[in-house]
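Report on one structure; see the data block that follows.
The values are calculated or read from the model by the stated rules, or taken from the named source; none is laboratory data. None of these values were measured; they are calculated from a predicted model. Please note: Cβ atoms are built from the backbone with ideal geometry, for glycine as well, and neighbour counts cover all protein chains shown.
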Amino acid sequence: LSFLDPTVTMPEIEETTETAAETAELAKANAELEAKRTGAWKTEEGLKKVAEFIREHIKNRNGILNENRCDYFKGDRLTRVLLPEVLAEGEKKKIKKRPKVLESIVDAKEANLVAQALLQSQEFYIKVHVVKDPANKQPQKEVRMMKQQTWDEAGYYVWVWDGNPFWTNVFQITMLVVFVLVACFPIWPDFMKLGLWYISVTLLVVMFVFLTIRFLLFLFVWIFGFEFWILPNLFDESLTVVESFKPVFMFERIKTTQLWWRLAISGGFIWFMYWAYTQPTEFDEFIKGQKEFVDDLYEVRSSSHRALDGGAAPVTL
């Protein structure tokens, strides 16, 4: 009997009991885990639901494949999306709702099997090589398809599947409706034509004022040896609409001095401020002229609209 053995102490007996309890709890947890490993994702419908979830929640990068824009991601990001979130105390979930089919993906090994199955189908994404060229300063990197289509968490993959076609269909229908409306412009009622004119003129004025201020700010900061652009990628045709508005501004030091140009621009600023200060009447007339020009843009269409209705157009002296 162990309690009669003088070599066995009470702490050792307690430690053995705790170890047995921990082993039992671990075995119970493993059993519950294995019970969830149902393989529900292995069906065609299950793979599609998994792919939809990944497409929606994974963080993609923008690249260029065969001269076309594409979205690509790194393999380890995919496995992290598939696995349940490990949260610290008090931390909120980033993904509020997960499809039921994901409950069968219980560990990293299962997640890699899912990723391999999606890759082998060649329906959702393909493996690519990212060309890293230090001379290329474009935000999109060139990617090239690889011959060996094997899954690797350290590899990169390009989406060839656009996900749920619902929003694509909505966009196509919207474009069709817009095209028909534009084609029917000659038969639009007058109030719609007048509204379109006001919207167009307003957008034109806003864009002109914004670009003017943007350029003047650039010149003023450039004098001191820095470049400052608001929406620096606004006119980059290689970017998507959303990416054209990122970043909001850019501020960096000029690499070349260009001293004489900076002196010339600073002289122009000083002359303009001196002219505006010493000739307030002429400056006020300049501002008034610009305001009258904008008012005329709105008045032209309104006057012609009233003339078509049989009213007399106002005469400006």
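Filtering Leu211, Leu239 for residues that are of a type in the set (A, V, I, L, M), surrounded by 13 or more Cβ atoms within 10 Å (Cβ to Cβ) and part of a helix (DSSP H, G or I) leaves a single hit, Leu211.
Output the number of the condition that His305 fails; it satisfies all remaining conditions of (1) in contact with an Asp or Glu (Cβ under 9 Å, 6 or more places away or on another chain); (2) modelled with pLDDT of 75 or more; (3) surrounded by 10 or more Cβ atoms within 10 Å (Cβ to Cβ). Looking at each condition in turn, His305 falls short on (2).
Being surrounded by 12 or more Cβ atoms within 10 Å (Cβ to Cβ), within 30 Å of Cys70 (Cβ to Cβ) and out of contact with any Phe, Trp or Tyr (no Cβ under 9 Å at 6 or more places or on another chain), is that true of even one residue in region 275-283? No, region 275-283 contains no residue that is surrounded by 12 or more Cβ atoms within 10 Å (Cβ to Cβ), within 30 Å of Cys70 (Cβ to Cβ) and out of contact with any Phe, Trp or Tyr (no Cβ under 9 Å at 6 or more places or on another chain). Considering (1) more than 30 Å from Phe293 (Cα to Cα); (2) at pLDDT 85 or above; (3) surrounded by 14 or more Cβ atoms within 10 Å (Cβ to Cβ), the lone condition that Thr174 does not fulfil carries the number (3). Within region 214-231, the residues that satisfy the criterion of being aromatic (Phe, Trp, Tyr), out of contact with any helix residue (DSSP H, G or I) (no Cβ under 9 Å at 6 or more places or on another chain) and either surrounded by 14 or more Cβ atoms within 10 Å (Cβ to Cβ) or outside any helix (DSSP H, G or I) (or both) are Phe218, Phe226.
Residues in region 193-217 that are free of Cβ contacts under 8 Å to residues at least 24 places away in the same chain and of a type in the set (Phe, Trp, Tyr): Phe208, Phe210, Phe215.
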